[in-house]
Amino acid sequence: MKTEINFVTTDVESLQDECISTVEALLERKLSRADPLRIFILGLVSIIVQQRELIDFAAKQNLLAYSSGDYLEHLGALFGIERLPATCAITTVEVELSTPREQVTIIKAGTRTTADGQIFFALDEDCIFAAGEIKKEMAATCLIEGEAGNNFAVGEINKIVDPQAFLKSIVNVTKSEGGADIESDDSLRERIQLAPESYSCAGSKGSYIFHAKSTSALISDVAVDSPEPGKVNIYVLLKGGQVPGDEILNAVADKLSADTVRPLTDLVTVLPAQVVNYSVDASFWISREDITNAAQIILEAERAVNEYVEWQQSRLGLDIIPSKLIEKLMAAGVRRVEIRSPSYTVLNAHEVAVPSSVNVTFAGIEEF
């Protein structure tokens with residue numbers, strides 16, 4: 001763990017003592033607590049402390065570990081890295097006419113469809129039917145940025161908002177995904193740290209990870225594997241332990257297939273993270289001396305379980321470690337924990353642990 005860095009001292013008491021001692025030495029007399037000069041000095045110290053805080057902040061913004069916001073973006077600019085903007089969800093839809101026609105039929109770009117009447121998807125391009133054609137697949141994009149347009153199941157987006165002559169239906173044939181909020185500081189900081197890997201001309205592991213993560217702010221982790229010479233498998237995990245669908249996988253594949261990214265001899269395959277399911281089944285007890293805080297401890301224990309689940313599915317290749325759950329529950333204030341499942345399980349680099357069920361119960365009060 002890196003040591004905390006402070007460029008200047010900002011401790012109020014030490015600065016007060018230093019300033020008062022200096023003035024007393026110069027005047028060759030003691031300053032009483034009610035001395036107007038002492039009160040004046042304390043006022044100046046408060047200004048000095050504020051200035052030192054600003055100096056410390058400004059200096060830290062030059063360091064990747066501390067930088068944030070616009071300052072972090074300027075650090076990224078040194079490596080040619082920009083914060084990923086908010087993006088709209090995308091999906092593939094099947095457009096169907098009511099009957100085959102003897103002439104070309106055009107369904108206009110921007111024709112909208114929806115699942116719930118609140119979030120709308122629009123055709124990216126004109127859908128042009130040749131004579132006799134009745135069905136075509138087209139790309140459609142959500143009209144609002146962010147994650148709200150994600151995770152509409154196949155067939156769920158099926159209500160036409162802009163009816164047109166001879167248009168029978170527009171239905172999504174892939175799960176909608178790819179919508180993301182603007183990239184967070186943590187994600188941008190990680191990509192800046194990986195940026196030097198992108199200069200590689202030989203397809204390094206770090207280079208593939210950098211370019212894959214640059215595809216979407218939704219991507220939380222990437223694993224790279226080469227099962228045999230010339231073949232590279234890229235495994236992608238989304239935030240919250242979600243497994244990407246075809247839209248995200250295709251976007252990553254397009255990003256990695258660029259001539260400036262993929263070595264000519266590499267056959268790159270982009271795959272979803274492999275899910276390993278496990279169940280959480282445990283009980284915990286509270287000490288009798290903490291009985292007055294029992295309600296709060298139970299609430300903290302529930303929060304600890306959620307944190308454990310989120311931690312477990314936050315990265316690829318993270319082994320299933322039940323002792324981590326015990327650690328978090330004990331930190332929440334419980335006296336004893338009994339874990340029936342999961343058991344310690346080693347995961348491969350391309351696997352992610354996702355719970356199939358979670359059952360953690362309060363079992364009662366015990367004597368200390």
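The values are calculated or read from the model by the stated rules, or taken from the named source; none is laboratory data. All values reported here derive from a predicted model rather than from experimental measurement. Neighbour counts run over all protein chains shown; Cβ positions are idealised from the backbone, glycine included.
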Qualifying residue in region 225-248 (condition: in contact with a Lys or Arg (Cβ under 7 Å, 6 or more places away or on another chain) and over 30 Å from residue 124 (Cβ atoms)): no
Of all residues in region 6-28 being part of a loop (DSSP other than H, G, I, E, B) and at pLDDT below 90, the one that is surrounded by the most Cβ atoms within 10 Å (Cβ to Cβ): 10
Region 217-260, residues that are of a type in the set (Val, Ile, Thr), without any contact (Cβ under 8 Å) to a residue 24 or more places away in the chain and not in a loop (DSSP other than H, G, I, E, B): 224
Sole exception among (1) charged (D, E, K, R); (2) farther than 29 Å from residue 172 by Cβ; (3) exposed (fewer than 13 other Cβ atoms within 10 Å of the Cβ) for residue 60, by number: (3)
Region 222-240: number of residues that are surrounded by fewer than 23 Cβ atoms within 10 Å (Cβ to Cβ) and either out of contact with any helix residue (DSSP H, G or I) (no Cβ under 8 Å at 6 or more places or on another chain) or closer than 19 Å to residue 80 by Cβ (or both): 9
Of all residues making up region 310-323, the number that are surrounded by fewer than 17 Cβ atoms within 10 Å (Cβ to Cβ) and assigned to a helix (DSSP H, G or I): 3
Positions within region 198-233 being modelled with pLDDT of 85 or more, hydrophobic (A, V, I, L, M, F, W, C) and out of contact with any Phe, Trp or Tyr (no Cβ under 6 Å at 6 or more places or on another chain), in sequence order: 209, 210, 212, 217, 218, 219, 222, 232
Some residue of region 30-49 being in contact with a helix residue (DSSP H, G or I) (Cβ under 6 Å, 6 or more places away or on another chain), surrounded by 15 or more Cβ atoms within 10 Å (Cβ to Cβ), at pLDDT below 90 and in a loop (DSSP other than H, G, I, E, B): yes
Single residue of 327, 302 found to be without any contact (Cβ under 8 Å) to a residue 12 or more places away in the chain and part of a helix (DSSP H, G or I): 327
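Conditions (1) without any contact (Cβ under 8 Å) to a residue 24 or more places away in the chain; (2) assigned by TED's automatic domain parsing to the domain that holds residue 165, marked per residue:
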residue	(1), (2)
17	yes, no
25	yes, no
43	yes, no
55	no, no
67	no, no
70	yes, no
94	no, yes
106	yes, yes
Tally, over region 339-365, of residues that are surrounded by fewer than 17 Cβ atoms within 10 Å (Cβ to Cβ), under 18 Å from residue 300 (Cβ atoms) and either in contact with a Ser or Thr (Cβ under 6 Å, 6 or more places away or on another chain) or among the hydrophobic types (A, V, I, L, M, F, W, C) (or both): 5
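Yes/no matrix, rows are residues, columns are (1) hydroxyl-bearing (Ser, Thr, Tyr); (2) more than 26 Å from residue 218 (Cα to Cα); (3) surrounded by 12 or more Cβ atoms within 10 Å (Cβ to Cβ); (4) more than 25 Å from the chain's Cα centre (by Cα):
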| position | (1), (2), (3), (4) |
| --- | --- |
| 261 | no, no, yes, no |
| 282 | no, yes, yes, yes |
| 285 | no, yes, yes, yes |
| 291 | no, yes, no, yes |
Residue within region 261-269 that is touching a His at 6+ places or on another chain (Cβ under 7 Å) and either on the phi > 0 side of the Ramachandran plot or in a loop (DSSP other than H, G, I, E, B) (or both) present: yes
Residue in region 161-175 that is within 23 Å of residue 242 (Cα to Cα), free of Cβ contacts under 8 Å to residues at least 24 places away in the same chain and not hydroxyl-bearing (Ser, Thr, Tyr) present: no
Some residue of region 199-219 being of a type in the set (D, E, K, R), crowded, with 22+ Cβ neighbours inside 10 Å and under 29 Å from residue 355 (Cβ atoms): yes
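For (1) over 28 Å from residue 90 (Cβ atoms); (2) of a type in the set (Lys, Arg); (3) not assigned by TED's automatic domain parsing to the domain that holds residue 320, each residue gets a yes or a no:
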| residue | (1), (2), (3) |
| --- | --- |
| 242 | no, no, yes |
| 246 | no, no, yes |
| 252 | no, no, yes |
| 265 | yes, no, yes |
| 268 | no, no, yes |
| 280 | yes, no, no |
| 286 | yes, no, no |
| 292 | yes, no, no |
Residue check for residue 182: crowded, with 21+ Cβ neighbours inside 10 Å, touching a residue at least 40 places away in the same chain (Cβ under 8 Å), out of contact with any helix residue (DSSP H, G or I) (no Cβ under 7 Å at 6 or more places or on another chain) and part of a loop (DSSP other than H, G, I, E, B): no
